[in-house]
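Colleague: Sending over a structure as structure tokens; questions will come in a sec.
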Amino acid sequence: MKRHTIKNHWIRDVKHCASPHYDERPDEQDISLLVIHCISLPEGCYGTPYIEKLFTQGVSQQEGDYFAPLTGLRVSSHLLIRRDGTIEQYVPFDKRAWHAGVSSYDGRERCNDFSIGIELEGTDHSPYSKRQYQSLVDVSQTILDYYPKLTLDRITGHQHIAPGRKTDPGRCFDWSYYLNALSRKDSL
């Protein structure tokens, strides 16, 4: 298990790629939901620079017709975990990243207001790598330890907070493996 540390709401030992696509939370003390997503640009292509570009400056149709629907889109996530397990942070945790869109959890609307978003590089119809799960477990435990309102039962997928609109992280995401690994770490 890799121990991470958080300072000023940034994980210290990961790549930082500051995104301009965030704003203030209504209550920066209310960080009470962890949302798991997936992304690849173009879909199914891994290791490209386009996710970082989307989160930091945006993409345009000039980069290919695939990107036409994404032109002008302003989105971000707090974290991205690449296929090799590398973690990148785009937004400090006390700020509102723009990852969830129209969403609700436990009767509460606007999940961006109170959640941390973690993107896994992948698609919602292909398996995630072992290294991604390891990094996800490690960083999730760090976040759970740092933010007391976050608990194992406050972790969800994008498909659960935006049903009918989103399907990620998808049917290939192994929720049992992930949550059981966190439960074991939580009891140590």
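Colleague: Is it the case that some residue within the range 12-28 is in contact (Cβ under 8 Å) with a residue 60 or more places away in the chain, closer than 23 Å to D124 by Cα and not hydrophobic (A, V, I, L, M, F, W, C)?
Modeller: No, the range 12-28 has no match at all.
Colleague: Next up: If we keep just the residues of the range 30-68 that are free of Cβ contacts under 8 Å to residues at least 60 places away in the same chain and among the polar types (S, T, N, Q), which is nearest to I161 (Cα to Cα)?
Modeller: Once the filter is applied, the top-ranked residue is T56.
Colleague: Within the set of pairs 6+ apart or on separate chains, which have a first residue in the range 123-141 that is under 22 Å from D13 (Cβ atoms), a second that is among the polar types (S, T, N, Q) and not in a helix (DSSP H, G or I), and C-beta atoms under 8 Å apart?
Modeller: S135/T86
Colleague: For K149, state whether it is more than 27 Å from K53 (Cα to Cα) and either modelled with pLDDT under 95 or within 13 Å of the chain's Cα centre (by Cα) (or both).
Modeller: In short, no.
Colleague: May I ask you to say which residue of T167, T156 is assigned to a loop (DSSP other than H, G, I, E, B) and closer than 22 Å to S104 by Cβ?
Modeller: Selected residue: T167, the only one of T167, T156 that is assigned to a loop (DSSP other than H, G, I, E, B) and closer than 22 Å to S104 by Cβ.
Colleague: Now a separate question. Would you please name the residue that is nearest to R82 (Cα to Cα), looking only at residues in the range 4-46 that are among the β-branched types (V, I, T) and either in a loop (DSSP other than H, G, I, E, B) or modelled with pLDDT under 95 (or both)?
Modeller: Here the answer is V14.
The values are calculated or read from the model by the stated rules, or taken from the named source; none is laboratory data. A quick note: this is a predicted structure, and the numbers were derived from the prediction, not measured. Using ideal geometry, Cβ is built from the backbone for each residue, glycine included, and neighbour counts are taken over all protein chains shown.
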